[in-house]
Amino acid sequence: MTARLAPPERAPGRVPARVGQRYLVRTFGCQMNEHDSERVAGLFAADGMTVAVSVEDADVVFLNTCCIRENADDRLYGTLGHLKAAKRQRPGLRIVVGGCLAQKDRDLVRRRAPWVDVVFGTHNLHRVLDLLDHADEWGPITEILESSAEADAFSADLPSRRELDHAAWVTITVGCNNACTFCIVPIVRGPEVSRRPGEIIEEVGRLAADGVVEVTLLGQNVNSYGRDLGVDGRHRPVFAELLRRVGEVPGIRRVRFTSPHPKDMREDVARAMAETTAVCEHLHLPLQSGSARILRAMHRGYTPRRFLDRLEMMRRIVPGLAVTTDVIVGFPGETESDFRATLEVMEEARFDGAYMFIYSPRPGTPAAAMEGQVAPEVAAERFSRLADLQQEMSLSRNRELVGGEVEVLTEGPSRKDPSMATARTRTNKVVHLPGEFPPGTFLRARLERAAPSHLIGRAVP
């Protein structure tokens, strides 16, 4: 699989200064972090560097951090502990820590890992090469910018070194205006800022010219896109219009988006999905809890009934829609009754899949200071029950597809069995099928067997 630098002509005007050096990127967190890592990798490549195989082979190691859950913190500091020995053996190794945790805990990162050369935040992506230069010449540096529309817009236009030639992420907004009590994103990413639609369409057009056939629109709250733009003098959502325009770009055959907010999910988006051929029939709609009381404590802005009504509307308008969700177990104050309400909503919703998490207190969020923190063993037991239920529903939903034929887009060999290819349906379901197919190949596949997390199929003429 060949990663591609695209578009090289848009890299900042700088004479490559690190020709012959190697870099390694490790990412913790969400798709936004993954895309940010692609941008940093694009800058490294534009500066003359190539990809390292391991830490031992690297001249620069970049860790892109997440602070949504505690386990991401633990993984980061564990990795930094291993890098300490490498730094001792090779003082010229440059260790760079960026992303959300760096934005929030700059001083803590520096205190716990003084061997780190560069610490920078979520709004400093475009500065990474300058910061490395500073570390070479003057020693360790920490630079954190507060939210800056100019910096974020610039970062969105950086070169990107993609993992897949045929698929790309496209950022349409950065930051978030919501006030969910469990979430630290508004603190580390800042308020919501939308990119101009013309810039987005131009980027998608360049990607299509570079061979990309699938784009995923990214934002902390994608379906509130454009409210800050004041289109036609009005502050209104324009996400549905953007979906239609992206779906009309020649060469783009699949359009996805993540993550929308249930309170902002309206019929115009459903109709854009149904009427725009390229927009895929998949929706990730985070529930978080099925308890009205817990949703109020979370400041989510909807009730379980309203969530289910929006879900029903989307399924009614978009034929064959597959829906996945997020659920938090053990939020402060959650009782057994609250948890049973979540199970009931999950049973009614019949999601195709779910990302489920045990609540993790994040310092700086209102929920971290709430009374009624749920005991870890209670949260773990509830999580197990929820996971068992979702496994049953995911298997049931996938079994409904067995015997049918679907379009799939190949992603490369299966990691577990190289004799099988991994592909993905328009509804975002993973399909494994025998044979070797170049990544980015469209096939028809007959589905023969189902598991909770994937299907087994066979390519057909």
ask   = How about K104: which lysines have a C-alpha closer than 28 Å to its C-alpha, ignoring those fewer than 8 places off in the same chain?
value = K84, K87, K263
message = Against the empirical 2.2 N^0.38 Å scaling, what ratio does the C-alpha Rg of the chain come to?
response = 0.99
inquiry  = Just to be sure I understand the model, the point goes 7 Å from the Cα along the line to the Cβ. What's the resulting R458 to R206 distance in nm?
reply    = 4.5
query = Of all DSSP beta bridges in the chain, what percent run antiparallel (nearest 5)?
reply = 40
inquiry  = Could you tell me the relative contact order of region 4-143? Use alpha-carbon pairs under 8 Å, at least six residues apart, and round to a whole percent.
reply    = 21
query = Toward the positive end of the charge dipole of region 405-460, about the Cα centre and with charges on Cβ (Lys, Arg +1; Asp, Glu -1), which of T425, A450, G435 goes farthest?
reply = A450
query = For region 281-400, rounded, prolate or oblate, judged on the Cα gyration tensor with a ≥ b ≥ c (square roots of eigenvalues), a/c < 1.5 rounded, else prolate if a/b > b/c?
reply = prolate
ask   = Among G320, A379, I294, whose Cα sits farthest toward the positive end of the charge dipole of region 259-389 (+1 at Cβ of Lys/Arg, -1 at Cβ of Asp/Glu, about the Cα centre)?
value = I294
request  = Order the peptides 73-83, 257-267 from the highest to the lowest mean number of other Cβ atoms within 10 Å of their residues.
outcome  = 257-267, 73-83
request  = Calculate the spin-label point distance for R444 paired with A387, positioning each point 7 Å from the Cα along the beta-carbon direction, and give it in nanometres.
outcome  = 4.0
task = Can you pull the one-decimal nm distance between simple spin-label points at W138 and R305, each 7 Å off the Cα toward Cβ?
result = 6.1
inquiry  = Give me the extension gain from R316 to Q89: residue separation times 0.36 nm, minus the current Cα-Cα distance, reported in nm with one decimal.
reply    = 75.6 nm
ask   = Can you give the FRET efficiency for V15 and T335, using 1/(1 + (r/R0)^6), R0 = 45 Å, r = Cβ-Cβ distance, to the nearest 0.05?
value = 0.10
message = Please compute the contact order of the chain in relative form: average sequence separation of alpha-carbon pairs under 8 Å and at least six residues apart, divided by the residue count, as a percent.
response = 10
task = Pull out a ≥ b ≥ c, the square roots of the eigenvalues of the alpha-carbon gyration tensor of region 166-276, then state rounded if a/c is under 1.5, prolate if not and a/b is larger than b/c, and oblate in the remaining case.
result = prolate
key: Environment charge at S396 (Cβ cut-off 15 Å; Lys +1, Arg +1, Asp -1, Glu -1)   = -1
query = Can you give the extra length, in nm with one decimal, that the chain gains between E347 and E241 once fully stretched, where that is 0.36 nm per residue apart less the Cα-Cα distance?
reply = 34.9 nm
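Bear in mind that the values in this text are calculations on the coordinates, not laboratory data. None of the values given here were measured: they were computed from a predicted structure. So basically every Cβ, Gly included, is an ideal-geometry build from the backbone, and we count neighbours across all protein chains shown.
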